[in-house]
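Presented below is the structure to which this report refers.
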Amino acid sequence: MKVEDVVIIGAGPAGVAAAIQLKRYGLDPVLLEREAVGGLLRNAHWVENYPGFPEGIGGMGLVRLFERQLERWDVPVHFEEVLEVANEEGLFRMKINLRSLAAEFVVVATGTVPASIPDLRIPDDAQDRIFYEVYPIRDVAGQKIAIIGAGDAAFDYALHLSGKNEVVILHRGHRVTCLPLLWDRSKKDKNISIREGVSVQSVAKADDKLSLTMQSEDKPSTVIVDFLLIAVGREPCLDCVGDDMRASLDRLTGEGKIHLIGDLQNGRYRQTAISVGDGVKAAMSIYHTMRSGIDENCR
C-alpha cells in the first residue's frame, strides 16, 4: 500500500487552509470530505469578521472562493467518509468506505456536530421537517419556521431565513447569548419574532406541518410551523478516531504526527478566521517536522 505524506480529514476552513499551505510547500496532501466543502460556513448568513471583505460576504460565497482556490492549487477533494483512524507501527491507517489509506501525518479537521435536546422526543414521521443545520432549507420560501436556541447560530439562522419566511425564535431563558448586533438586527426584522421563557415539550406531525407544544410560566401553548430548526449548541466530532488511538492522542500530537484543528478543538471559539489560522499552522508544523527528519538523515 502506498503511504501518503499527509491525509487531511475534513474540508472546512481549517482543512482547506492546511491543504493549500501544504501544496505551497510542494506536498500533495489527500483531502477527504464526507459531505461538502465549507463546513459550518454553509450555514453562515453573513461573514463580517473575515479580513479582506470590508462589506462582509455570504457564507456560501466564501465557500465558493475556497473551492476556486483549491482548484487553482490543484487540490482535489475526495468525497469519502473516514470510518476509522488507527496508529500502527508509526503509520496512520484509515478505513475509508471500501478502501484503506496509510499516511505519515494526519490532520483531523472534522469540526462539530449539532447538539440535540435530550428530553425532546421526536416522532419518526416528523423527522423530515426537523433540521439541525440551516443549509438544507436555506432556499425555502413562504414557510413558517421555528428555531430553538438563543446563541449566535439561532439568530444567524433566523436572519438567513427571514427574507422569504416567517421565523419564530424560541428559547427557554430570558437572556440571549448571541452577539448584540444579531439581537438588534433580529429585533428590527418584521419577519422574526422572539419568544422567551418557553420550553418545547413535544413535537407532533399534523398535515405536513409540525405542532409544537410549549410550556411557559405554567401555561401550555401550541405553535404550528412548517419546519423546526434546533440550534442549542455544538459538540466536537471525533468519531473517526478509534478507541485504541484516543489513549495515545496526547503523545501523537506532542510528536507532531497528528493535528486536531479548527472547530473540533476550539470550543466556543468557532470562527472561520481562527480555523484558517489553525490549518496554516498545522501545515507549517508538518513541513518543518518533515524537514527536520530529512536534515537528520542527511548528516
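The values are calculated or read from the model by the stated rules, or taken from the named source; none is laboratory data. Keep in mind that this is a model prediction, so the values were computed, not measured. We place every Cβ from the backbone using ideal geometry, glycine too, and count neighbours over all the protein chains shown.
From the list V200, V280, V276, which residue is among the hydrophobic types (A, V, I, L, M, F, W, C) and in the same structural domain as I148 (by TED's automatic domain parsing)? So that I can check it myself, show each step before the final result.
Working: V280 fails: in the same structural domain as I148 (by TED's automatic domain parsing); V276 fails: in the same structural domain as I148 (by TED's automatic domain parsing).
Of the residues listed, the single one that is among the hydrophobic types (A, V, I, L, M, F, W, C) and in the same structural domain as I148 (by TED's automatic domain parsing) is V200.
For the condition closer than 25 Å to R270 by Cβ and outside the structural domain of G197 (by TED's automatic domain parsing), what is the one hit in V106, V134, V167? Talk me through it step by step, then tell me what you get.
Details: V134 fails: outside the structural domain of G197 (by TED's automatic domain parsing); V167 fails: outside the structural domain of G197 (by TED's automatic domain parsing).
V106 is the lone residue from the list that is closer than 25 Å to R270 by Cβ and outside the structural domain of G197 (by TED's automatic domain parsing).
Do we have F92 as over 30 Å from H259 (Cβ atoms) and surrounded by 15 or more Cβ atoms within 10 Å (Cβ to Cβ) here?
no
Considering only residues of the range 245-286 that are under 15 Å from F105 (Cα atoms) and assigned to a loop (DSSP other than H, G, I, E, B), which is modelled with the highest pLDDT?
That would be I261.
Enumerate the pairs (first residue in the range 214-241 and touching a residue at least 60 places away in the same chain (Cβ under 8 Å); second residue anywhere and of a type in the set (G, A, S) and assigned to a strand (DSSP E or B)) with beta-carbon separation below 6 Å, excluding pairs fewer than 6 apart on the same chain, so at least 6 apart or on different chains.
Final answer for the pair search is I224/S211; V225/A146; L228/A146.
Only one of Y269, Y287 is aromatic (F, W, Y), closer than 30 Å to V176 by Cβ and either touching a Ser or Thr at 6+ places or on another chain (Cβ under 8 Å) or in the same structural domain as G12 (by TED's automatic domain parsing) (or both); which?
Details: Y287 fails: closer than 30 Å to V176 by Cβ.
After ruling out the rest, the residue left standing is Y269.
Counting just the residues of the range 94-145 that are in contact with a Lys or Arg (Cβ under 7 Å, 6 or more places away or on another chain) and farther than 30 Å from N191 by Cα, which one comes out modelled with the lowest pLDDT?
Among those residues, the one meeting the criterion is S100.
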